[in-house]
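Asks: Take a look at this one; I'll ask things after.
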Amino acid sequence: MQQFLDAAPGIRLWTEQRGAADAPPLLLIMGAQASGVGWPEPLVDALAAHHRVIRYDHRDTGRSTWAFEEHPYRIADLAEDVIAVLDGLGVERAHLVGLSLGGMLAQMALADHPDRLISATLMGTNALSATPYTRPDGSTVPVDELPGIAPEVLEMWARPVEDHGRAAEVERRVEHWRVLAGDHLPFDDTYFRTLEQRIIEHTGHYRTSTAFARADAGGLLRTEQLARNEVPTLVISAPAEPVFPPPHPQHLAQCVNGASVVEIPGMGHALPAAVLGPLADAILAHTAAAH
């Protein structure tokens with residue numbers, strides 16, 4: 001079931017629900033400039049066998065409002081959109097699953113609205129905390145000395161996005177996924193090309209917004225709140241992750257009180273077919289144990 005809801009003045013968000021209406025709600029939160037349709041269908045279906053799965057388009061993505069110039073916002077406002085989606089759909093409490101920026105938004109929900117969460121699963125993200133990382137040998141590493149984004153990712157992100165037509169844009173996005181996926185698993189061009197074609201059809205155009213890169217990213221740290229967390233939290237560790245490589249997942253689990261870590265073999269900063277089964281199993285085991 002698809003539905004639009006008002007998140008803020010002048011801002012409407014597209015949402016979709018799948019699964020039994022009386023099943024425990026589970027909200028999927030995508031990464032920066034990514035439509036909710038970016039969550040692969042097999043993963044959504046696997047989760048919907050046990051949950052009322054909700055996914056949505058961020059502002060300036062998919063079918064939601066594209067109006068950053070008229071309605072500029074902060075990244076923190078995107079975290080409030082998470083709660084607006086729950087409110088708009090009449091959901092009192094939900095499991096959250098966040099990828100990349102979605103993992104940061106889920107952390108903000110953990111910190112600011114813990115009463116609205118049943119559990120959280122965080123992946124492909126870094127800790128919104130200034131707490132140093134403690135290595136297995138007991139030594140510590142300041143946050144700003146943890147591994148950075150892979151050079152090939154930074155180089156791709158630095159390239160200007162030019163309009164050379166839909167076909168060229170699809171190929172650009174496929175190459176982007178190739179870099180994000182890492183080098184542990186064979187890359188399936190057709191899988192990601194089909195995914196991006198679906199996203200473009202859903203959106204109605206192939207433009208790419210730069211809104212999130214221009215949005216105010218201040219005030220995101222939640223060091224003290226995450227250290228006091230009581231919401232069951234799972235951190236997914238992706239060994240091929242090029243954006244927030246290990247030990248970022250281990251650091252995140254140290255910063256979020258009570259968090260546990262599960263590694264998905266071969267996973268990078270993407271969701272290829274090979275990781276969907278193990279990922280669904282890990283999420284469902286976590287949600288089943290949370291109350």
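The values are calculated or read from the model by the stated rules, or taken from the named source; none is laboratory data. This structure is a prediction, so every number in the text was calculated from the model and none was measured. Here the Cβ is made from the backbone with ideal geometry for all residues, glycine too, and neighbour counts use every protein chain on show. Surface accessibility is based on the protein's heavy atoms, side chains included, excluding ligands, DNA and RNA. Shrake-Rupley method; radii C 1.70, N 1.55, O 1.52, S 1.80 Å.
Asks: Need the failing condition index for Q33 against (1) crowded, with 20+ Cβ neighbours inside 10 Å; (2) within 26 Å of A211 (Cβ to Cβ), just the number.
Replies: (1)
Asks: Something else now. Which one of these is over 20 Å from H95 (Cβ atoms) and surrounded by fewer than 16 Cβ atoms within 10 Å (Cβ to Cβ): E201, E196, E241, E230?
Replies: On inspection, the qualifying residue turns out to be E201.
Asks: Just for segment 100-112: of the residues that are out of contact with any Gly (no Cβ under 8 Å at 6 or more places or on another chain), surrounded by 17 or more Cβ atoms within 10 Å (Cβ to Cβ) and not small (G, A, S), which one is farthest from L180 (Cα to Cα)?
Replies: Of everything passing the filter in segment 100-112, L110 is farthest from L180 (Cα to Cα).
Asks: Can you tell me how many residues within segment 120-147 are open to solvent by 60 Å² or more (accessible area, probe 1.4 Å) and touching a residue at least 12 places away in the same chain (Cβ under 8 Å)?
Replies: 2
Asks: Picking from R52, R63, which residue would you name as being at negative phi, out of contact with any Asp or Glu (no Cβ under 6 Å at 6 or more places or on another chain), among the basic types (K, R) and surrounded by 18 or more Cβ atoms within 10 Å (Cβ to Cβ)?
Replies: The unique qualifying residue is R52.
Asks: Follow-up. Given the options V91, V97, name the one that is open to solvent by less than 10 Å² (accessible area, probe 1.4 Å), among the β-branched types (V, I, T) and in contact with a helix residue (DSSP H, G or I) (Cβ under 7 Å, 6 or more places away or on another chain).
Replies: On inspection, the qualifying residue turns out to be V97.
Asks: Condition first: in contact (Cβ under 8 Å) with a residue 12 or more places away in the chain and more than 19 Å from the chain's Cα centre (by Cα). Now tell me which residues in segment 151-162 satisfy that.
Replies: Once the filter is applied, which keeps residues that are in contact (Cβ under 8 Å) with a residue 12 or more places away in the chain and more than 19 Å from the chain's Cα centre (by Cα), segment 151-162 yields E152, M156, V161.
Asks: Can I ask one more? Against the definition (closer than 22 Å to H202 by Cβ and of a type outside the set (D, E, K, R)), how does I29 come out, yes or no?
Replies: Values: closer than 22 Å to H202 by Cβ: yes; of a type outside the set (D, E, K, R): yes.
Yes: the conditions hold for I29.
Asks: D115 - would you say it is closer than 23 Å to A127 by Cα and without any contact (Cβ under 8 Å) to a residue 60 or more places away in the chain?
Replies: yes
Asks: D45 is checked against (1) assigned to a loop (DSSP other than H, G, I, E, B); (2) free of Cβ contacts under 8 Å to residues at least 40 places away in the same chain and fails just one. What number does that condition carry?
Replies: With (1) assigned to a loop (DSSP other than H, G, I, E, B); (2) free of Cβ contacts under 8 Å to residues at least 40 places away in the same chain applied to D45, the lone miss is (1).
This table checks each residue for (1) more than 13 Å from Q250 (Cβ to Cβ); (2) of a type in the set (A, V, I, L, M, F, W, C).
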position	(1), (2)
A106	yes, yes
H113	yes, no
I118	yes, yes
T134	no, no
G138	yes, no
L146	no, yes
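Asks: I'd like to know if segment 5-23 contains one or more residues that are small (G, A, S) and in a helix (DSSP H, G or I).
Replies: The answer is no; no qualifying residue exists.
Asks: State which residue pairs qualify: first residue under 10 Å from I75 (Cβ atoms) and inside segment 204-233, second residue of a type in the set (D, E, K, R) and open to solvent by 30 Å² or more (accessible area, probe 1.4 Å) in any location, beta carbons under 7 Å apart, and separation of 6 or more residues or different chains.
Replies: A215/R74; D216/R74
Asks: In addition: Please verify whether D60 is free of Cβ contacts under 8 Å to residues at least 24 places away in the same chain and farther than 19 Å from V235 by Cα, treating the condition exactly as stated.
Replies: Criteria not met by D60.
Conditions tested, residue by residue: (1) within 14 Å of G38 (Cα to Cα); (2) among the aliphatic types (A, V, I, L, M).
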site	(1), (2)
P147	no, no
E155	no, no
E162	no, no
A168	no, yes
V174	yes, yes
W177	yes, no
D183	no, no
T190	no, no
T194	yes, no
